[in-house]
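Contents: one structure, followed by commentary.
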Amino acid sequence: MVVVPTGALTQLVAVGEDGTPLGPAQECSNLAETAASMEADLHPRWIWDSTARMYAGLLREGVRLARCHDLSLIGSILAVRRGEAGEREVVLVDDRPGLFDAHRYPTADAVLGRCHEQLTALGGSPDLKLLAAAESAGALAAAEMSHDGLPFSAPAHLAYLESELGPRPDEGTLPVAMAELEAAVSDAFGRKINPSSPSEVVAAFGRAGIELTSTRAHMLRDIDHPAVPLLLRHRDLSKLFSTNGWAWVDTWVHQNRFRPVYVPGGVVSGRWASRGGGALQIPKTLRSSVIADDGFQFVIADAGQLEPRILAAMSRDRKMMEAAGSDDLYAPVAAAAFDGDRSKAKVAVLGVLYGATAGEARSLLTLLRRRFPDAVRFVETAARAGERGEVVHSLLGRACPQPTSQWWSQGDAHARGRFTRNFVVQATASEWALCLLADLRRRLAAHPGSGELVFFQHDEVVVHSREPETARRFVLEAASAATRLLFGDTPVRFPMDIAVRSCYADPE
């Protein structure tokens with residue numbers, strides 16, 4: 001069902017498998033009411049220009065949808081496959097009244113034309129169809145997580161800010177703790193110094209007979225000077241104040257929920273990006289404030305060693321697949337090639353994934369190649385293709401961007417080889433994670449009360465649930481389903497490290 005907003009009304013057009021209209025457009029004045037009714041009776045796949053823009057309004061009206069086709073997201077994937085840029089607009093969701101305010105939507109003919117073009121392009125490829133379905137399901141999940149928010153205790157975080165920084169300062173002024181540290185740093189150097197100015201700090205140390213080339217933390221820690229602990233503390237507080245301070249709370253935390261903007265497909269490999277200060281990696285300073293509601297717990301699931309396992313499954317290296325059939329992939333790799341030294345096995349596997357082939361990594365790679373030739377050859381083939389300026393693809397068909405015209409004249413071939421070497425694995429890992437997310441979202445929706453998705457990043461998913469054991473089971477089932485979808489009957493396992501906690505920061 002194609003959805004086209006037209007001012008106060010919305011046009012709905014039923015289409016066939018190739019996007020051809022099956023009849024005239026229907027007009028409705030209340031999309032939320034109509035969509036809820038059709039979702040219950042017909043279970044359609046909703047086709048629209050942008051999930052981020054369209055679904056936000058429906059969520060505010062209490063309407064949840066099972067399936068969609070995001071023309072913007074899939075159009076970007078197909079554009080990159082054609083060698084085009086494929087850049088997308090990032091939609092910022094807000095709470096203004098009305099479902100579709102202040103945006104100039106494409107015409108019905110334009111939307112139907114894009115729909116037909118995309119569905120035709122996907123029609124002959126089951127892999128691309130699966131990629132489109134997973135990408136679009138991810139867009140629904142992203143909108144839902146932004147709408148629902150991650151449970152977050154604003155009072156706990158505000159108390160933490162006050163304990164670290166002092167009372168909230170007036171706008172344009174520094175917190176008391178930072179101002180006191182500035183004064184202490186100046187006293188330590190015997191003259192006024194701005195701790196936030198690298199040039200002033202380097203010059204101050206120079207006057208003290210200490211030569212520095214930068215003020216990075218690891219360099220400061222090697223210096224014996226009373227200003228060093230003060231500078232490091234000031235740096236930590238400055239980051240807290242600017243990144244997750246009071247302004248951050250005002251902007252991103254509402255009704256004890258952290259509500260970031262997730263950007264599915266925001267990275268060329270298919271990984272998500274985000275806006276909102278830590279949406280894709282909950283900083284340590286926030287974790288103690290991520291607290292489940294009364295009667296709920298967080299089910300935190302992390303796919304361990306995801307990319308090495310993806311490499312084993314994609315390359316079909318028999319010995320690597322056997323190693324990936326265990327809970328710890330590195331242990332059998334170490335036993336086979338590195339005399340049981342797990343640390344060397346890890347360095348070697350990650351080195352072959354990311355192109356670290358100098359120094360010790362070179363000799364370790366030689367040993368890895370002897371024992372796991374097909375796995376090493378798989379990524380090296382992708383690297384050589386990248387060095388020649390060729391395009392490589394993920395398992396389901398996501399293409400890496402073509403090199404720019406500037407690259408052909410003065411680009412770094414080895415750097416592009418390192419990129420394509422990892423792209424084939426990282427992009428496929430993103431597809432596996434999206435398939436898990438889509439399947440888990442479906443299971444949770446089919447069992448009301450079992451939980452809600454509240455966080456997702458690369459290889460981690462968090463469910464907020466009254467029934468943590470049910471949610472835990474759903475996560476494991478979704479991981480198995482994602483593995484079957486991508487790799488069929490494979491000996492490679494994708495184990496999930498699952499913790500159940502009331503607070504994200506609680507020890508396991």
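The values are calculated or read from the model by the stated rules, or taken from the named source; none is laboratory data. Since this is a predicted model, take the numbers as computed values, not measurements. When we count neighbours, we look across all protein chains shown, and the Cβ atoms used for this are built from the backbone with ideal geometry, even at glycine. Areas reflect the complete protein model, heavy atoms only, side chains present, ligands, DNA and RNA absent. Shrake-Rupley method; radii C 1.70, N 1.55, O 1.52, S 1.80 Å.
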Residue within the range 32-45 that is among the hydroxyl-bearing types (S, T, Y), more than 26 Å from the chain's Cα centre (by Cα) and crowded, with 16+ Cβ neighbours inside 10 Å present: yes
All but one of (1) in contact with a Phe, Trp or Tyr (Cβ under 8 Å, 6 or more places away or on another chain); (2) assigned to a loop (DSSP other than H, G, I, E, B) hold for L444, so report the exception by its number. (2)
G359 passes all but one of (1) under 24 Å from the mean Cα position of the chain (by Cα); (2) of a type in the set (G, A, S); (3) open to solvent by 50 Å² or more (accessible area, probe 1.4 Å); which number fails? (1)
Which is open to solvent by less than 30 Å² (accessible area, probe 1.4 Å), modelled with pLDDT of 95 or more, over 27 Å from E380 (Cα atoms) and out of contact with any strand residue (DSSP E or B) (no Cβ under 7 Å at 6 or more places or on another chain), of A481, A427? A481
Filter pass, L353 being touching a residue at least 40 places away in the same chain (Cβ under 8 Å) and of a type in the set (A, V, I, L, M): yes
Among residues of the range 377-409, those that are open to solvent by 70 Å² or more (accessible area, probe 1.4 Å), within 27 Å of E322 (Cβ to Cβ) and part of a helix (DSSP H, G or I), counted: 3
Give me the residue from the range 457-475 that is part of a helix (DSSP H, G or I) and without any contact (Cβ under 8 Å) to a residue 60 or more places away in the chain and, out of that set, nearest to G265 (Cα to Cα). F474
Starting from the range 149-177, keep only residues that are within 18 Å of T285 (Cβ to Cβ) and free of Cβ contacts under 8 Å to residues at least 40 places away in the same chain, then list their pairs with residues that are among the charged types (D, E, K, R) and open to solvent by 80 Å² or more (accessible area, probe 1.4 Å) whose Cβ atoms are within a distance under 9 Å, requiring at least 6 positions of separation or different chains. E162/R168; G166/E180
Report yes if some residue within the range 309-325 is among the hydroxyl-bearing types (S, T, Y), within 24 Å of the chain's Cα centre (by Cα) and either modelled with pLDDT of 90 or more or open to solvent by 40 Å² or more (accessible area, probe 1.4 Å) (or both); otherwise report no. no
